[in-house]
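The structure appears below as structure tokens.
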């Protein structure tokens, strides 16, 4: 194997630390004892077939869904016991999200969409839009700033979504099939820009995907199957 | 950590205004709908001022309280010369100043000079209209000016002040040195008051429901938007404030639109005359407390409703989870409201309610509100219970419609709850009014075959003059018969008692009593019943018009007969002029009964003109077989008009909701069309989708409405009475609305069904 | 594909004669190319010399003498090492991977782990290629993409096989 990826040191304390997470939806077990650490600046691909529980894992890590049992900490905060307001505040200031589609507010312009998380934090409109414009520029979609999500292409829309996820300078970006609705070229562009941006800001990424070529942008991958993480370590263990 | 609530609210308002074309359309729709409701509420809030301004003007010109004995520099003689022309009531006064300081009635700057009159704008118009020749001949004065607004009860009032002439000493003429009164007039009759309370509640309840419906426009896209905000880190509380802010935007904008609509509508209001009542636009000032209430309550309602809607859904970062629809709707709490309403009304059933009491009015108002609210709560349950049992059998359009309703019966029920409440309220009101009316219509006992019109002259004429006047009426075209009596009051000496004194020829007297034999010089006394005061006795000394006179000893008792107007003379002295020659020369009151030729349509007008020629003070009025408090006919008409107006209001909201739904299902419609489903099928499905819930809504509405109306009747101690015609009319108005809305939504639906609709994003 | 590792793994299920081994190999993997007797005996001789198998018994019957071979402890650990070592990601390696998966199933090892190990190896190479691609020029990108897409096809196969392991286990053990 040639060259080692510029991987963040494993000695650092994990940002997110999950132990033995379990989550069931009615009769279906979505997570069946999952443990995972995410360290600062690390890009972790969560892979697995559909229905394996990889999205549920991401939703738990992001504080969107509360696991039934297990331990889950973000830095020194316990996400299991955190209230909705506390978890929402984390999403607002510490996390960013890029989904396959539908996360942009169709009524707002792309610039307003990117500025939205800042405005929810109470940043003044002018300042929020100035910072939003900066991120649109970094993702090379300044030209669609004044357009609404419905008027731009899928690739541009995803780049706007990435800009919005990064505008608050989050510690972790959660990306769920960010290229799922895009062709290879546009998917590649989105992934390249995303990874470039987070590399500079030491932002960790939890990247849920079933596409190996997307997972290839990660530093390491975990595979979820039947609600459990498959380790790639030795055979006889 | 999180920004304060005001900022979140403001952010929500900002969101509402950032909608692009669709967002703006939605906001405009909500705001317009809220605006319509607000305009309606403002109008209702103006009613108190409207009434008090009218009262103030009317009491400022009151002229019947004074009658001074001595003339002075500041006195004015006033004669009432009200008349009627082709069914239009005209208020008329003759004014004759007795000195330079004579009072001038409100609305005039100076008294009319000799031969002049001042007229209201409405009368001026009527006078100059073609076909008013008879009126012009009757009011034979030169028009010297207009009566100002402050002297009129409303812009549509017909009134004139004319110069009087030789009014002094005439009976019926008053001497006054001032216009106006300080006290207040008699209020509405308590039954009418109750009616007004119920009417307000019934008319405003659908407006409130309408407001609530308007706030929900575009709810689904709002939910999506909120979910996106949740993902970005809005917690539940923030989400609620954003939603509240968005609703507030619609509410506030609606408030502004409503104010504009109200101000614009107010300028038109002066052009209409309803129930003989017209109002000045300037008087339609919403009362301050009510306006403040509206200004606070409407946005608050918008916020409360949108928060209430949010309560049923959990807006989570990953989307919206509907909490409703799980499990069956429970019936028991839905029955609480109507039961509470009945409980409030029940104690009043015992007998006649103390309808004067404010508490009672609150009780009735509250009971009615709760019962009507019961319609709203019961409807979703009923729609679901019935729809669940509907099969998907039948045509494809039926199947599509039924399955769609089954999927979300609550929104179907919401769609029609406004219609149901409006219809229920209207029916209750109509039942009540029709019931009250059936009692108020009284048989007067008049005999129209003998005479149709009465004319009276109070100013005093001698018997000879009376006969002369009678002859002039007999010569008037269209008059078939004239019976005349000269009447007065005979005062019993040393006693505070008066009895009717009637002088006439034998033929005249026979019209009012059963007289077998009569020759000139005879006198009669009509017999009395026990209830009457002491009857006159032959030989008794009485004073008539200041002259002492002895009832002839020969006066024979006779049985009084009903006069053509239904009254009966009891305890009256009837004399032939020969029996009291002194009195025949005295000024007596003249009372004429006129039989008219039905083939002459203007006979009444001609009679009025003859009367005006005889004396402006002579009064002419029709005899009616039944006396109808004609306010009720007007009220019934008004209810129907109000109901239709409210139904149209609701129709706009139904249309908006339907269009909203259609737009959301655009892709589905296009796909179905692409499959080859005929458009007619889809259109019919839309019709069914609305018609089924409306039908389900109208049935309980009709039942509750009728029940409520009957309950109110019983409360008032009136016999139950159901007006089937009005009921059917109202129900079909509701049904017609559905058709109208479906038709109105058709163009959009057809456009959405084009295969191009398949292209999304 | 390593015949010696394959025969060794087959022996792990129990001592066998050379002839039986050939039969079994052909049944599981020799669809297009049955093994020659000579290759079997040559391989066994080499394994014997390296101490990975031992002669369990010799039968003297009517014909030539027949040796029965058994795997040694060293042989077992050799099999284990081979199975758990990912193949170098390369083109068309599915026949080797297939063999490994079947052998794992036959010897009662966790076949899914083999797939996981292989996926990790594939992804590492893909990462390397992706990095090279994003830093290089268009020619680099095109070349890397070609390799990436082929690796991706392998990964798809790994994924799909992972989902079908239960059915495969039933079939090979029949």
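Quick look at the numbers
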quantity	calculated
Projected-area average for the stretch C:1-85 over all orientations - Cα convex hull basis, square nanometres	5.7 nm²
Two-decimal ratio, the stretch B:453-627, of alpha-carbon radius of gyration to 2.2 N^0.38 Å	1.04
FRET E, pair residue A:25, residue B:602, Förster distance 60 Å, beta-carbon r, rounded to 0.05	0.10
18 Å cut-off, amide nitrogen to a point 7 angstrom out along residue A:192 Cα→Cβ, residues in the stretch C:124-153	C:126-149
Residue order, fewest to most beta carbons within 10 Å, for A:54, A:23, B:559, B:170	B:559, B:170, A:23, A:54
Exposure proxy order (Cβ contacts within 10 Å, fewest to most) of A:166, B:123, B:668	B:668, A:166, B:123
Virtual spin-label span in nm between residue B:150 and residue B:165, 7 Å along Cα→Cβ	3.1 nm
Cα pair distances of the stretch A:102-200 binned at 10 Å [whole percent]	17, 53, 28, 2
Length gained when the stretch residue A:185-residue A:35 is fully extended (0.36 nm per residue, less Cα-Cα span)	50.6 nm
Cβ-derived FRET efficiency at R0 22 Å, residue B:471 paired with residue B:137, nearest 0.05	0.65
Isotropic mean projected area of the C-alpha convex hull, the stretch B:76-176 (nm²)	6.3 nm²
Range of Cα positions in chain C per principal axis (Å), largest first	71, 33, 30
Contour excess over end-to-end distance, with Cα ends at residue C:85 and residue C:33 and 0.36 nm allotted per residue	16.2 nm
Relative counts (whole %) of C-alpha pair distances in the stretch A:39-190, using bins that are 10 Å wide	11, 38, 35, 15, 1
Spacing of the two label points (7 Å from each Cα toward its C-beta) at residue B:668 and residue B:725, in nm	4.5 nm
Rg and Dmax [Cα atoms of the stretch B:11-157; Å; Rg one decimal, Dmax integer]	24.6, 79
Scattering profile of the stretch C:86-174 at q = 0.15, 0.24, 0.26 Å⁻¹ [log10 I(q)/I(0), Debye over alpha-carbon scatterers]	-0.58, -1.12, -1.25
D_trans [Stokes-Einstein, Kirkwood Rh over alpha-carbon pairs] for the stretch A:156-221, 4 °C, 1.567 mPa s, µm² s⁻¹	110 µm²/s
Residue B:681-residue A:125 pseudo-label distance in nm [points 7 Å out on the Cα-to-Cβ vector]	4.9 nm
Residues B:407, C:126, sorted so that the one with the fewest Cβ neighbours within 10 Å comes first	B:407, C:126
Taking all pairs of distinct alpha-carbon atoms in the stretch B:664-744, Kirkwood radius in angstrom	15.4 Å
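Where a number appears in this text, it was derived from the coordinates with a stated rule and is not lab data. The structure displayed is predicted, hence computed values, not measured ones. For neighbour counting, all protein chains shown are included, and Cβ atoms are generated from backbone atoms with ideal geometry for every residue, glycine included.
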